[in-house]
Amino acid sequence: MDQSLRPVVDETRGIYRVPRRAFVDQSVFERECRAIFDKCWLYLGHASELPNPGDYVTRKVAGRPMLFTRDKEDKYHALINVCPHRGAVVCRERKGSAPAFQCMYHGWVFANTGRLMVVPGHAGYPADYKDDPGKQLSHAPRFDRFGDFFFVSFAADGEDLATYLAGAGDYLKLVSEQSSKGMTIVGGTQEYSIRGNWKLLAENSVDGYHAASTHSTYLEYLKNANGSTHDTRLAGFGHDLGNGHAVIEYFAPWGRPIANWIPLWGEEGKREIEAIQQDLTTRLGQERAERIAKQSRNMIIFPNLVINDVMAITVRTFWPTAPDYMEVNAWALAPAEESEWLRKFRLFNFTEFLGPGGFATPDDVEAIEKCQVGYQAAREAQYNDISRGMLREGGSAYDDELQMRCFWNEWDRRIQEHRA
């Protein structure tokens, strides 16, 4: 690969620069598809999306139509949602419950395990035709779960999921431990697109440095909304979680249904929040309970899974279709047993700040798209700088850029190791 596309790093001087060609070059995008999206573990869905045997959801993963199912034996399947006959998408619904799926083109019927059940006009085929392994719905080459989070890999081999997640696994546990009865995806899917390179959203999702300027309107709104904040200042640290994953963990002035009270919720709300925190302490110990309740987290799991556990929880993925275009999907995650008023507040926060029409996301989209416009001058203005905090002693602050450097180090490793 052209050395001019590699990050420029000088540890002694505290310099880390990324070539802007990496955001616009079509050959880089094609290499990313093969070296990263064809090789890494990628998020498929959450167990709560399939609450009963027979349930299913469909979605795209790295451009591939997928069918995520739960069969009558309570076994989960990650199926390529493509008929082996002529290649039509088999299940065309977003979600539902069904023991089998019929391809609309020639009527072939498949069980929710992927097994071919019915071939119309079967007399025209050999007697054992339905048993041919090549005539079944294909399964993702690898499929595994970490708690209730399900992942697929389109590579036949590689590290197992737990090894791949490295330190990010404990942060997935932190999210899951907010409930003793299980976390659940709430409502539908937020879907939107951004005219920008996918790596910009990966960076943005763990960028504490931009909050004060890009989201100043939201922070000002909170200050002026009576009882919507407490006196906590934004402060925390960034952490390298291994394998390109990174997180910022910090204290913030907003309320958290798990379990950080603000005056707006009143005394009755305070009693409920205190009960939630007491339950966390009883189950997990005081230190972990305090960490879950009082701190916010923004995490990127390389390459494209974001878990933002802030004033609400968003689970977000994004898929590039070109160097300058991506499709984004996001879901709200919440404790299954949450009270009605806390759920209402959580979802209000989810849409108010994290949603595509909220305070934060339109700001982020605008910033990303303006960066992409700027990269039209990549030959003249060649580099992005993500050096902030490289020489800081005592660990990286939440608004340093360690997280971006973790991402780019893994990006560079995988791109360099790939052989076309």
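The values are calculated or read from the model by the stated rules, or taken from the named source; none is laboratory data. What you see is a predicted model, and the numbers here were worked out from it, not measured in a lab. Positions of Cβ are generated from backbone atoms using ideal geometry, with glycine treated the same way; all protein chains shown enter the neighbour counts. Each accessible area value is taken on the protein alone, full model and side chains, heavy atoms only, with ligands, DNA and RNA left out. Shrake-Rupley method; radii C 1.70, N 1.55, O 1.52, S 1.80 Å.
Here are a few things to note about the model shown:
- For segment 342-365 and segment 371-420, distance of Cα centres in Å: 27
- Rounded Å value of the spacing that divides the Cα centres of segment 89-120 and segment 130-151: 15
- Sum of -39500 (n - 2.57) over DSSP H runs of 4+, divided by residues of the chain (222 nm, nearest 500): -8000 deg cm²/dmol
- Note on the chain: with a GNM built from Cα contacts shorter than 10 Å, the maximum mean-square fluctuation among Glu73, Glu203, Glu352 falls on Glu73.
- On full extension, the segment bounded by Ser97 and Asp160 gains 19.7 nm, given 0.36 nm per residue less the C-alpha separation.
- Placing R0 at 51 angstrom, the Cβ-Cβ distance between Arg392 and Ala88 gives a FRET efficiency of 0.40 after rounding to 0.05.
- Estimated distance in nm for a label pair at Leu347 and Arg288, the labels positioned 7 Å out from Cα along Cα-to-Cβ: 3.0
- Set of segment 135-157 residues, backbone N closer than 18 Å to the point 7 Å along the Cα-Cβ line of Asn329: 138-146, 148-155
- Accessible area ranking (1.4 Å probe, heavy atoms, ligands and nucleic acids excluded), largest first, for Lys223, Lys370: Lys223, Lys370.
- Cys with no candidate disulfide partner in the chain (beta-carbon separation under 4.7 Å rule): Cys33, Cys40, Cys91, Cys371, Cys406
- Nitroxide proxy distance, nm - points 7 Å out along Cα→Cβ at Ala127 and Ala381: 7.3
- With each label modelled as a point 7 angstrom along the Cα→C-beta vector, the Ser193-Ile15 pair spans 3.9 nm.
- Nonpolar atom fraction for the chain, defined as the carbon and sulfur part of the 1.4 Å probe accessible area, stands at 49 percent.
- Amide N of segment 177-221 lying under 11 Å from the label point, which is placed 7 angstrom from the Cα of Ala322 along Cα→Cβ: 195-196
- Ordering of 64-72, 270-278 by burial proxy (mean other Cβ atoms within 10 Å per residue, highest first): 64-72, 270-278
- Environment charge of Leu333, counting only residues whose C-beta is closer than 14 Å and scoring Lys/Arg +1, Asp/Glu -1: +1
- Contact order for the chain, expressed relative to its length and based on alpha carbon pairs under 8 Å spaced 6+ residues apart, stands at 21 percent.
- Between Asn52 and Asp170, the contour length at 0.36 nm per residue exceeds the alpha carbon distance by 39.8 nm.
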